[in-house]
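Since the structure comes first, as structure tokens, the remarks are kept for the end.
The values are calculated or read from the model by the stated rules, or taken from the named source; none is laboratory data. Owing to the predicted nature of the structure, the values given are computational and were not obtained by experimental measurement. Neighbour counts run over all protein chains shown; Cβ positions are idealised from the backbone, glycine included. Just the protein is used for accessible areas: all its heavy atoms, side chains included, with ligands, DNA and RNA removed. Shrake-Rupley method; radii C 1.70, N 1.55, O 1.52, S 1.80 Å.
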Amino acid sequence: MANYGQAGQSIKGGYHARILAMKVFVYIVCILLTIMAILPFVIMVFNASKSRYEINNSYVEWNREITDRFVVSLLPSKSFFANGKYLLTSKALNLPFGRGFLNSILIAGGATLLSVYFSALTAYGFAVYRFKLNKPLYAFIMAIQMVPTQVTVISFVELMYKWHWTDNYLPFILPAIAAPSTVFFLRQYMSSALSIEMVEAGRIDGASEFGIFNRLVLPILKPGMATMAIFAMVTNWNNYLLPSLLLRRTELQTVPMLVAKLNGNKYSTEYGAIYFGLTLSAAPLVVFYLILSKYIIAGVALGGVKE
Amino acid sequence: MASSFKTRAKLEKNYCGYIFIAPFFITYIVFQLMPLINTFRYAFTDVRAWFVDQSQTSHFVGMDQFKTVVGEMGFKEAFFNTPVMWIMGFIPQLLIALLLASWFTNEKIRVKGQGFFKVIFYMPNIMTATTIGILFLTFIRPNGFIHNICISIGYVKNARMPITGTWFGRGVIAFINFWMWYGQTMIVLIAGILGINPSFFEAASIDGASGWQCFWRITLPLIRPIMTYSLITSLIGGFQMFDVPNMIGAGETAAVFKRDIQTIIMYIKGIAYTGSFAVGKACAASVILFLITAVCSLILFYVMSDRAEAKARRAEKKRAKEAALLEGGDL
């Protein structure tokens, strides 16, 4: 009996050691992945503070004494504001980032407002009214989520040219009214958050159907709509292909378009300024993300996001 | 009873539903369905970009555009590169996500700081793809971070020369896709695993199943629908890959591996808006992209759907058929 107890204990001890080893391994992997996720952004910010000379000679630095080279090539330097000044004021570069941010806010903000409001409206229509085509039309919305959107890019651009809607923000804002995955998410959300009795109570009180939606239902849907608004904002902010085909005038261009111009022209040897521009475009998103990360992670987990 | 039902129906005003859903459908028809139909229509004509030739009359050319496009080198390259780069990124993406999800939901390991790790791993996903593309481009060109490492390990001999190699460019794109998306897949899979009824795991541990057995026999089969969803959405997105390879393949690196990382959308945009502005040809390529995406999604859906269940359904069908045959024979 005594022997049995001992053996049991030693097995238990081995078991704990295994769990501990596993834990150590898991944390090492997680820390390595954390470094992998952050390192590119750290290098970006640090390089934004280096002069052209320092970046162009980074290899020389790298190859000196082992202790020096790594530290010197990674540490930030002093040219952060000089790079910023060059990027924002250089006539040769002609990158009006201030205007670009305003443009991106207009487009992403407009598209987000429309997509969230009209998706809620559509989802409410499907959730509350038992009209004849309810089921087939909802199935249609589910199906079109699977259509690859870029397939229609060329003929969409052709249509906008024919309508003379180039150098105009409507082609990026108006189509946001039809956002199938947002409708799907809000429809799911309503089935748990909205009770039909409340709608009926509103009717008995004599409110109009539209009034019920705006005054009774919208406030209840706010948390779900906020989640969708965050993702709509990010998606529309990051949109590049379509604006790059339809916005020709520099003063109308969005941040991703200006960022794209950092690359591939004869001024692209100003590496410090390029890194500064990248930092400038990334910073607002990082701040936005860190403030709202709780809701964003929860939103991703709900599976309402599809890109 | 009947009268109360009638008043209820009257009170509900079900016709209002159509008014509520109308804006969605009008917008969808104008901005998405019409362009989709036009894509199919243009694919059979020799129409050119509207802004270069506004007085053109386009002609119906049958399958000609499809034949030309399929014969082009750029088409073959794009339709090879895109799925290859997607698969190269997606396999590590799914494996790492699955590994992390199984660790983060493991009650014995109890990883602390999960919230922090989730936030960090997901962060690259919300960043602007053009920014990410140019950032990695500056890393791989001379004096960039990755270029310096390549010199240190002897992969590149000359400090002024760009890194070459067919698979290097593809590897960079695949890595960026992996890096941007594994966090998203991980969070979705964690949600899936947490949604599994805990009594399954309790029952298994009472029966003496090991953690490994639990993972293979309970977790994996039960999160298969979510994995299928991840796989199919990733495939659809992967075939439309554009922003990152477009940035990496532009500028001074263009000559080095532009052809190795040219994706389908880059190719389509190229034929529509450069050279001969052949919108008809670009639409033919778009139609092919549409069909390939649809076929691949259906195949994946079929392969990934529950085989045991499908088998049971087929057996059921077979039995029904045999029974019907027997009956027919009797008659």
Original post:
Can you give the three extents of the C-alpha atoms in region A:96-261 along their principal axes, from longest to shortest, in whole Å?
Top reply: 57, 33, 25
**OP:** Convert each backbone phi in region B:188-198 into a coupling constant with the Karplus relation 6.51 cos²θ - 1.76 cosθ + 1.60 (shift: θ = phi - 60°), then list the ³J(HN,Hα) values in order as whole Hz, x for Gly and Pro.
**Re:** 5, 5, 4, 4, x, 5, 5, x, 6, 4, x
Subject >> Accessible area expressed per residue, chain A, with surrounding protein chains retained (probe 1.4 Å, Å²) >> reply: 48 Å²
Subject >> With at most 12 neighbouring Cβ atoms within 10 Å, loop trypsin sites (Lys or Arg not before Pro) (DSSP) excluded, longest segment of chain A >> reply: A:133-247
Original post:
When we measure straight from the Cα of residue B:321, which lysines land under 30 angstrom away, once same-chain ones fewer than 8 places off are left out?
Top reply: B:311
Subject >> Rounded percent of accessible protein surface that carbon and sulfur make up, chain B, 1.4 Å probe >> reply: 66 percent
**OP:** Mind running the shape call on chain A? Use the C-alpha gyration tensor, a ≥ b ≥ c as the square roots of the eigenvalues: rounded below 1.5 for a/c, prolate if a/b tops b/c, oblate otherwise.
**Re:** oblate
Original post:
Between residue B:202 and residue A:130, what is the FRET efficiency for a Förster distance of 51 Å, r being their Cβ-Cβ separation, to the nearest 0.05?
Top reply: 0.75
**OP:** Leaving ligands, DNA and RNA out of it, work out the accessible area of residue A:172 with a 1.4 Å probe and give it in Å² to the nearest 10.
**Re:** 10 Å²
Subject >> Convex hull volume per residue in cubic angstrom - Cα atoms of the protein assembly as shown >> reply: 265 Å³
Original post:
Which sequence of B:15, A:189 reflects their accessible areas, 1.4 Å probe, from the largest down?
Top reply: B:15, A:189
Original post:
What nm value, rounded to one decimal, do you get for the distance between residue A:147 and residue A:290 when each label is placed 7 Å out toward the C-beta?
Top reply: 4.1 nm
Original post:
Summed for both chains, how many Å² of accessible area, to the nearest 100, are buried between A and B with a 1.4 Å probe?
Top reply: 9400 Å²
Original post:
Check residue B:45: other-chain or 5+ apart residues with amide H under 5 Å from its amide H, H built from backbone geometry?
Top reply: B:61
Original post:
In a GNM of chain A with a 10 Å cut-off on Cα contacts, which of A:287, A:234, A:259 has the highest mean-square fluctuation?
Top reply: A:287
Original post:
For chain B, what D do you get in µm² per second when you plug the Kirkwood radius from alpha-carbon pairs into Stokes-Einstein at 20 °C and 1.002 mPa s?
Top reply: 87 µm²/s
Subject >> Helical mean residue ellipticity (222 nm; -39500 (n - 2.57) per DSSP H run of 4+; nearest 500) of the protein assembly as shown >> reply: -23500 deg cm²/dmol
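List the pairs from A:261/B:157; A:78/B:157; A:50/B:157; A:162/B:258; A:222/A:294; B:67/B:269 whose alpha-carbon separation is above 27 Å, in the order I gave them.
Listed pairs above 27 Å: A:261/B:157; A:78/B:157; A:162/B:258.
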**OP:** Kindly report the accessible area of region B:171-216 per residue (heavy atoms of protein chains, probe 1.4 Å, no ligands, DNA or RNA), in Å².
**Re:** 46 Å²
**OP:** Report the local net charge at residue B:286: Lys and Arg +1, Asp and Glu -1, summed over other residues whose C-beta lies under 14 Å from its C-beta.
**Re:** +2
**OP:** Please find, in a Gaussian network model of chain B (springs between Cα atoms separated by less than 10 Å), the residue of B:230, B:58, B:152 whose mean-square fluctuation is greatest.
**Re:** B:152
Original post:
Using a probe of 1.4 angstrom, how much of the accessible area of region A:96-261 is carbon and sulfur, in percent?
Top reply: 65 percent
Original post:
Excluding the sites themselves, what is the longest stretch of chain B that contains no GluC sites (Glu not before Pro) in a DSSP loop with at most 16 other C-beta atoms within 10 Å?
Top reply: B:108-331
Original post:
Using a simple charge model, +1 on the beta-carbon of Lys and Arg, -1 on the beta-carbon of Asp and Glu, nothing else, what dipole does chain A show about its Cα centre, in debye to the nearest 20?
Top reply: 200 debye
Original post:
Among A:255, A:45, A:286, which one shows the biggest mean-square fluctuation in a GNM of chain A, springs joining Cα atoms closer than 10 Å?
Top reply: A:286
Original post:
How large is ³J(HN,Hα), in whole Hz, for each residue of region B:138-143 in order, when computed from phi with the Karplus curve 6.51 cos²θ - 1.76 cosθ + 1.60 and θ = phi - 60°, using x for Gly and Pro?
Top reply: 5, 6, 8, 8, x, 6
Subject >> Estimated FRET transfer efficiency when R0 is 51 angstrom, pair residue A:197-residue B:292 (beta carbons, to 0.05) >> reply: 0.55
